[in-house]
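Presented below is the structure to which this report refers.
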Amino acid sequence: MKKCPFCAEDIQEEAVKCRYCGEFLNKSSNAQWYFKTNWVIIGFLCAGPLAFPLLWFNPRYSKRNKIITTVIVSIITYYFTVVTIQSVKTILNHYDQLFL
């Protein structure tokens, strides 16, 4: 018997997955660095919708999660685009009034 490194329960020596906490014991770290969740989040925060390939080529996420994330990021991007355009128009109007 050995102890699970996640929940410290006794499990069998040959166990691949802990029956108590459900964690896999030999997680393979052969995933590319850009598929890790923190890099996907950083990509979306820095590049917005340009980070969609990081999401869609990532094997960790289900198709449902990919679609939901794509819709949410697209709506947020549209909102920020509209707000930015309105802000630029307002600033240009103020400069026109200031210099006329």
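Values for this structure:
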item: Subset of region 52-93 [in a helix (DSSP H, G or I) and among the hydroxyl-bearing types (Ser, Thr, Tyr)]; result: 69, 70, 74, 77, 78, 79, 81, 84, 87, 90
item: Every pair of residues 6+ apart whose Cβ atoms lie under 7 Å, when the first sits in region 1-18 and is surrounded by 13 or more Cβ atoms within 10 Å (Cβ to Cβ) while the second is modelled with pLDDT under 90 and polar (S, T, N, Q); result: none
item: Condition broken by residue 35, with the remaining ones in (1) surrounded by 13 or more Cβ atoms within 10 Å (Cβ to Cβ); (2) modelled with pLDDT of 90 or more; (3) not small (Gly, Ala, Ser) satisfied; result: (2)
item: Residue among 22, 48 that alone is over 30 Å from residue 3 (Cβ atoms), among the small types (Gly, Ala, Ser) and at pLDDT below 95; result: 48
item: Residue match in region 65-86 (condition: surrounded by fewer than 13 Cβ atoms within 10 Å (Cβ to Cβ), at pLDDT below 90 and not basic (Lys, Arg)); result: no
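The values are calculated or read from the model by the stated rules, or taken from the named source; none is laboratory data. Everything quoted here is computed from the prediction, not taken from an experiment. Glycine also receives a Cβ, built like all others from the backbone with ideal geometry; neighbour counts cover every protein chain displayed.
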